[in-house]
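Note sheet for the following structure.
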Amino acid sequence: MVETKNVTIALGVICLILAASLTVVVIANENLFGNQQNTLALENQISGLNAQASTLQNQIDDLNNELYDYETHLYDYAEQIAALTNKTTAYANIIDLKESHVILDNQTYTQDANTKTTLFNDKVNYAGYFEIQVGSTSDTTYLQVSYTHSDLKFDQTITIGTDGVAHFPILPGTIEILLGNTASTETNEVTVTLTYVY
């Protein structure tokens with residue numbers, strides 16, 4: 001009987017152990033299943049966040065491209081403004097007669113008596129004046145400037161002698177400048193500097 005009792009107790013202990021083990025297994029399975037569900041939920045959240053991050057990155061890329069386009073346009077506009085500023089400055093200088101161009105620089109000529117030499121015969125685009133410096137061996141040296149602008153005809157002669165500077169106002173158009181020597185027998189050696197101021 002003692003043996004039966006011991007066997008019964010042993011069987012009861014074994015049942016308790018099995019019941020406890022089964023409980024542990026059930027709890028572990030529930031935890032494992034719950035962890036799997038939690039893991040799946042986290043994976044879904046991560047996947048959703050990755051999709052949002054991808055969308056946001058695409059928006060950032062688009063905005064960066066727009067910003068690059070705006071910066072490019074801004075650079076182009078800055079170049080256009082600089083070019084227009086330079087043009088404005090150039091035109092302001094022309095209005096104020098601050099521009100000049102040397103056409104002849106100490107050019108030498110030998111003239112026979114009673115002859116004319118063409119120094120300039122060309123079109124100018126802006127109103128201004130010609131400054132002509134002359135050094136000559138004859139006191140009969142003269143300069144003549146003529147042009148037509150609309151209905152206005154201009155023709156002026158200045159005797160310069162052996163050394164002098166003459167200024168002739170001009171309007172846009174074709175300008176002719178002549179160097180002359182009225183001496184009847186004397187050969188003339190002349191040095192001329194011709195500057196267009198506009």
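Being under 44 Å from the mean Cα position of the chain (by Cα), surrounded by fewer than 15 Cβ atoms within 10 Å (Cβ to Cβ) and not β-branched (V, I, T) narrows it down to one of D96, D112, so name that one.
D96
Taking region 159-190 on its own, how many of its residues are surrounded by 16 or more Cβ atoms within 10 Å (Cβ to Cβ) and assigned to a strand (DSSP E or B)? Explain how you work it out, then say what you get.
Here is the first cut: in region 159-190, the ones surrounded by 16 or more Cβ atoms within 10 Å (Cβ to Cβ) are 160, 166, 168, 170, 175, 177-183, 188, 190.
Checking the rest, the ones that are also assigned to a strand (DSSP E or B) come to 166, 168, 170, 175, 177-181, 188, 190.
Number of matching residues: 11.
Using beta carbons and a limit of 9 Å, which pairs, at least six apart or on different chains, have the first residue in region 66-77 and open to solvent by less than 100 Å² (accessible area, probe 1.4 Å) and the second one in a helix (DSSP H, G or I)?
none
Could you tell me which numbered condition I103 fails, if it satisfies all but one of (1) open to solvent by 90 Å² or more (accessible area, probe 1.4 Å); (2) in a strand (DSSP E or B)?
Unmet for I103, out of (1) open to solvent by 90 Å² or more (accessible area, probe 1.4 Å); (2) in a strand (DSSP E or B): (1).
Is it the case that region 95-102 has a residue that's in contact with a strand residue (DSSP E or B) (Cβ under 6 Å, 6 or more places away or on another chain) and small (G, A, S)? Before the answer, list the steps.
Here is the first cut: in region 95-102, the residues in contact with a strand residue (DSSP E or B) (Cβ under 6 Å, 6 or more places away or on another chain) are 97, 100-102.
Okay, now just the ones that are also small (G, A, S), so 100.
Within region 95-102, one or more residues are in contact with a strand residue (DSSP E or B) (Cβ under 6 Å, 6 or more places away or on another chain) and small (G, A, S).
Among all residue pairs at least 6 apart or on different chains, which show Cβ distances below 8 Å where the first residue, located in region 88-114, is touching a residue at least 40 places away in the same chain (Cβ under 8 Å) and at positive phi and the second is open to solvent by 90 Å² or more (accessible area, probe 1.4 Å) and of a type outside the set (F, W, Y)?
N114/S184
Of the residues S184, S150, which single one is at pLDDT below 95, more than 37 Å from the chain's Cα centre (by Cα) and within 30 Å of A90 (Cβ to Cβ)? Can you show your working first?
Working: S184 fails: within 30 Å of A90 (Cβ to Cβ).
Of S184, S150, the one residue that is at pLDDT below 95, more than 37 Å from the chain's Cα centre (by Cα) and within 30 Å of A90 (Cβ to Cβ) is S150.
Applying the selection to region 154-176, what residues are over 43 Å from the mean Cα position of the chain (by Cα), of a type outside the set (V, I, T) and modelled with pLDDT of 95 or more?
F154, D155, Q156, D163, G164 - these are the residues of region 154-176 that are over 43 Å from the mean Cα position of the chain (by Cα), of a type outside the set (V, I, T) and modelled with pLDDT of 95 or more.
If a residue has to be aromatic (F, W, Y) and either closer than 20 Å to S100 by Cα or open to solvent by less than 40 Å² (accessible area, probe 1.4 Å) (or both) to count, how many in region 135-154 make the cut?
Our first condition is that a residue be aromatic (F, W, Y); within region 135-154, this holds for 142, 147, 154.
When the remaining residues are screened for being either closer than 20 Å to S100 by Cα or open to solvent by less than 40 Å² (accessible area, probe 1.4 Å) (or both), the result is 142, 147.
Of the residues in region 135-154, 2 are aromatic (F, W, Y) and either closer than 20 Å to S100 by Cα or open to solvent by less than 40 Å² (accessible area, probe 1.4 Å) (or both).
List pairs: first residue in region 158-186 and in contact (Cβ under 8 Å) with a residue 24 or more places away in the chain, second residue open to solvent by 80 Å² or more (accessible area, probe 1.4 Å) and aliphatic (A, V, I, L, M) anywhere in the structure, Cβ distance under 9 angstrom, at least six positions apart or on different chains.
Sorted first by the residue in region 158-186, then by its partner, the pairs are L171/L152.
Hey, could you check region 118-128 for residues that are of a type outside the set (A, V, I, L, M) and crowded, with 16+ Cβ neighbours inside 10 Å and say which is farthest from the chain's Cα centre (by Cα)? Working first, answer last.
Looking only at region 118-128, we keep the residues that are of a type outside the set (A, V, I, L, M), and these are 118, 120-123, 125-126, 128.
Those left that are additionally crowded, with 16+ Cβ neighbours inside 10 Å: 120, 128.
Values: F120: 38, G128: 32 Å.
By that ranking, first place goes to F120.
Of the numbered conditions (1) closer than 22 Å to I95 by Cα; (2) open to solvent by 20 Å² or more (accessible area, probe 1.4 Å), I132 fails exactly one; give the number of that condition.
(2) is the only condition that I132 fails.
The values are calculated or read from the model by the stated rules, or taken from the named source; none is laboratory data. Please read these numbers as outputs of a predicted model, since none were measured by experiment. Note: ideal-geometry Cβ built from the backbone for every residue, glycine included; neighbour counts use all protein chains shown. Areas reflect the complete protein model, heavy atoms only, side chains present, ligands, DNA and RNA absent. Shrake-Rupley method; radii C 1.70, N 1.55, O 1.52, S 1.80 Å.
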